[in-house]
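Working notes for the structure below.
The values are calculated or read from the model by the stated rules, or taken from the named source; none is laboratory data. As the structure is a prediction and not an experimental result, all values here were calculated from the model. Don't worry about glycine lacking a Cβ; one is built from the backbone with ideal geometry, like all the others, and counts go over all protein chains shown. Heavy atoms of the whole protein, side chains included, go into the accessibility calculation; ligands, DNA and RNA do not. Shrake-Rupley method; radii C 1.70, N 1.55, O 1.52, S 1.80 Å.
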Amino acid sequence: MSQVFGARVKRREDPRLITGYGHFTEDMVVPKMASAVFLRSPYAHAKIKGIKTDRAKAQPGVIAVFTGRDVESKLPAIPTAWPVTGADVKATKYYPIAIDRVRYVGDPVAVVVAQSSGEALDALEYIDVDYEVLPAVIDQEKAVAAGAPQLYDEVPNNIALHWKAGGGDVEKAFQEAEVTIKQRLINQRLQPTAIETRGATAEYNVGSGQLTIWMTSQNPHVHRFLISALTGLPENKLRIIATDVGGGFGSKIPCYGPELVVAWLAMKLQTPVRWMEDRGENYVATTHGRDHVDYVELAAKKDGTILGLRVKAYANLGAWVSTAAPGVPTILFGLMLSGPYRIPNISCEVYGVLTNTTAVDAYRGAGRPEATYIIESAIDILARELKMDPAEVRMKNFIPENGFPATVATGLSYDSGNYPGAMRKALEIVHYEDLRREQVKLRAEGKLLGIGFSSYVEICGLGPSSVVRSTGFGLGLWESTTVRVHPTGTVSVFTGASPHGQGEETTFAQIVAEELGVKLENVEVIHGDTDRIAFGMGTYGSRTTPVAGAAIAVSSRKVLDKAKKIAAFLIEAREEDVVLEEGRFHVRGSKEPSKGWGDVAYAAYGAGANEIPKGMEPGLEDTTFYDPPNFVFPFGTHICVVEVARDTGQVKIRRYVAVDDCGKQINPMIVEGQIHGGITQGISQALWEEGVYDQDGNLLTSTLVDYAVPTAVEVPHYELSHTVTPSPHNPIGVKGVGEAGTIAAAPAVVNAVVDALAHLGVTHIDMPLRSDKIWEILNSKGAAI
């Protein structure tokens with residue numbers, strides 16, 4: 001391990017973020033800035049028979065009021081960016097402001113622009129909307145039933161996509177199986193709850209025709225591309241800035257209507273305009289996650305060997321097909337159903353269903369948590385059916401260490417791994433055999449102890465452009481970077497990735513410091529500004545480090561190659577004899593003469609006859625567009641130990657052990673932080689979080705009073721460990737880690753609770769495992785006290 005790459009360096013971005021010196025969207029104040037506020041539908045499904053705005057326009061401070069009809073010819077419907085190949089994706093007319101029909105509670109029907117947000121809010125009360133309320137449908141299974149309310153005439157039966165995938169001979173596998181299990185699984189709706197809500201401030205320069213938008217974005221260049229395409233403003237006249245973003249978890253990937261409206265308003269009114277969600281608006285209008293109903297069948301031999309898996313999934317897409325939504329329950333879900341196991345026969349059928357709810361799109365893990373929950377739940381059910389230890393069943397079916405690269409039945413090729421090794425390490429840390437003996441003892445005393453497993457592998461480092469384009473993705477998934485050494489020897493890194501909490505201002509600097517042998521403090525990382533950076537694809541899908549980090553390493557190495565040529569010229573040596581040690585270039589075996597980075601960089605920009613070789617271009621920088629040859633596949637095993645209180649049904653996590661493998665670790669402390677956050681979100685889904693609608697389509701969990709987000713008080717101490725299996729698919733051997741904890745945690749917790757109750761005949765419990773639900777189960781089994 002080197003001094004910089006692999007070191008536990010404190011996050012360099014944190015001091016400004018925790019002392020109030022961050023620069024978030026709402027911090028941007030432009031002179032003469034107006035405020036925009038949206039009037040949103042109180043009904044989940046209704047026709048708009050008419051809107052009267054005259055009284056609102058007459059209110060103090062009001063600059064303008066617009067309805068969907070007013071902007072219909074200016075702002076078209078927003079398309080999805082991932083119409084998955086072979087899924088028969090039906091386009092939905094998602095207008096920035098509803099025109100003649102609303103399809104979810106929170107659908108915008110008008111926008112007020114005023115001198116202040118307070119005046120705009122007051123004016124909303126004076127807009128009169130005549131609605132004809134229509135029947136609503138919330139549940140995806142009910143939405144595809146005969147006679148269900150139809151959201152769009154052009155989407156029969158509310159089925160926006162139908163996709164199949166798999167491999168092998170599933171029918172034969174089930175015919176030859178000695179045991180089969182079936183289970184209906186619910187992966188409930190979640191509300192992302194980033195600490196910063198969505199928002200945008202737009203300023204239009206009439207003289208230059210330049211529109212600048214400060215916005216909460218995970219992918220500024222993608223937003224620039226989409227906003228340009230939808231408004232008609234040339235891309236070279238549009239600048240998106242998203243320097244500091246307070247979390248996203250996937251919810252700031254999509255192109256939404258309000259941001260588009262704010263852009264248009266700034267140009268139309270020729271005044272800066274800001275819009276910022278409050279939390280209630282965020283919950284009804286920003287995309288949600290998960291919301292699957294899955295029917296699972298597993299075929300196996302009596303010795304625990306898995307023969308086949310069959311899955312039928314109903315994925316709730318909400319009221320419109322959002323930007324990345326089609327790819328989440330298909331490519332990112334269905335192709336990962338083999339997990340870390342040898343399952344030779346797999347069949348997956350997915351229905352993407354429209355309902356009168358907020359749209360569902362990517363949320364931390366995006367498809368991978370749903371797939372992992374299926375296979376890990378099914379393996380535990382199989383183990384109980386066979387009266388086998390769940391760890392034994394997993395070990396029996398893991399892809400072996402010498403089986404890589406491994407092509408699974410769904411067609412993916414896993415890069416590298418040691419799945420049994422991660423399991424063995426986790427078992428050792430948790431003292432598994434001792435726990436099982438303790439469980440027997442406690443049961444005899446009437447106490448409930450459970451041990452749950454979750455072994456996962458995820459597809460991430462979303463890359464190879466040829467592959468993702470073949471799936472229907474709107475653009476390639478390469479990443480760009482520029483590494484620039486200034487004349488004084490300091491370094492600026494411009495990355496097309498757009499970190500928003502992942503710590504890449506630190507880890508990217510570590511990559512460059514390692515590659516160039518410069519001091520860490522002499523490297524700055526710049527992101528989130530489309531005018532300063534080559535086109536980039538952004539941050540999501542745990543792609544930033546394996547793809548953008550790889551681009552940075554490649555550019556750094558090319559810069560170093562040029563620097564060596566210049567250094568060799570300056571010290572009159574052969575290039576192949578020159579080495580870089582402790583920040584200075586010299587001939588191998590002789591410390592002098594030598595040149596430092598400042599000397600070499602100054603010569604590169606001086607470009608005199610005695611400074612750089614004849615014919616060499618001046619300057620010292622490189623731009624790389626890195627397109628990875630394949631995805632990366634991090635993996636691990638998590639073990640959760642719980643105690644269940646018989647008198648309250650309360651679940652207490654006694655221990656949580658996680659062994660993860662993300663390849664080489666640039667900064668172990670940041671890796672641990674990402675895993676901590678991910679596990680917390682996974683535990684929260686297992687035990688508390690759930691987005692709930694009533695039958696009329698009202699979001700009942702529309703505030704933080706009703707939607708349970710955990711604090712440090714509710715979560716346990718995490719016992720983390722790791723293995724290191726480098727990926728061969730990028731030059732620094734790294735894999736993603738941002739979503740690993742979320743993918744693994746929920747199944748581990750659920751399996752632990754079910755294990756605690758298994759001797760009572762409990763085989764499965766749907767999430768979230770709130771105490772009242774557990775107590776009802778205990779009471780029904782005569783085990784409550």
Mind checking the full-extension length gain between residue 692 and residue 759? Use 0.36 nm per residue of separation minus the Cα-Cα distance, one decimal, nm.
-> 21.0 nm
Antiparallel DSSP bridges in the chain: what percent, to the nearest 5?
-> 80
Note down the magnitude of the dipole of the stretch 375-522 about its Cα centre, charges +1 on Lys and Arg C-beta and -1 on Asp and Glu C-beta and zero elsewhere, to the nearest 20 debye.
-> 400
Ordering 380, 622, 278, 627 by the accessible surface of their heavy atoms, 1.4 Å probe, largest first, yields 278, 627, 622, 380
Net +/- balance of residues flanking residue 496 in space, Cβ distance below 15 Å, scoring K and R +1, D and E -1 | -3
Structure-derived volume of the Cα convex hull per residue in Å³: which label, when the choices are [x] 327; [y] 272; [z] 170 | [z]
How about residue 268: which lysines have a C-alpha closer than 22 Å to its C-alpha, ignoring those fewer than 8 places off in the same chain?
-> 32, 52, 57, 74, 237
Take each complete run of DSSP H in the chain, measure how far its Cα atoms stretch along the helix's own axis, and keep only those covering 24 Å or more with mean Kyte-Doolittle hydropathy at least 1.0; list them.
-> 740-757
Accessible surface of the stretch 307-384, 1.4 Å probe, proportion on carbon and sulfur as whole % | 56
For residue 722, the residues 5 or more places away or on another chain with a placed amide H closer than 5 Å to its own amide H are 660
Protection proxy ranking, peptides 81-92, 261-272, average beta carbon neighbours within 10 Å, highest first | 261-272, 81-92
Calculate, for the chain, the solvent-accessible area per residue in square angstrom, rolling a 1.4 angstrom probe over the heavy atoms of the protein chains.
-> 37
The stretch 615-694 shape via C-alpha gyration tensor axes, a/c threshold 1.5 = prolate
Would you kindly calculate the mean projected area, averaged across all directions, of the convex hull enclosing the Cα atoms of the stretch 36-142, in square nanometres?
-> 8.3
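For the stretch 240-354, what percent of Cα pairs sit more than 17 Å apart?
Value for the stretch 240-354: 67 percent of Cα pairs lie more than 17 Å apart.
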Mean separation of Cα contacts under 8 Å, 6 or more apart, over the residue count of the chain: relative contact order % | 15
Whole number please: convex hull volume per residue of the Cα set in the stretch 356-454, in Å³?
-> 183
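Compute the Cα gyration tensor for the stretch 373-414, then decide on rounded, prolate or oblate, letting a ≥ b ≥ c be the square roots of its eigenvalues: rounded whenever a/c is under 1.5, prolate when a/b is larger than b/c in the other cases, and oblate in all that remain.
oblate
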Calculate what fraction, in whole %, of the accessible area of the stretch 494-631 sits on carbon and sulfur atoms when a 1.4 Å probe is rolled over the protein chains.
-> 47
Amide H contacts under 5 Å for residue 498, placed H, 5+ residues apart = 538, 539
In 10 Å bins starting at 0, how do the alpha-carbon pair distances of the stretch 90-180 split up by percent?
-> 12, 28, 22, 18, 10, 5, 5, 0
What number, rounded to the nearest 500 deg cm²/dmol, is the helix-based mean residue ellipticity at 222 nm of the chain, given -39500 (n - 2.57) per DSSP H run of at least four residues and division by all its residues?
-> -8500 deg cm²/dmol
Treating only Lys and Arg (+1) and Asp and Glu (-1) as charged, each at its beta carbon, one finds that the chain has a dipole about its Cα centre, in Debye to the nearest 20, of 480
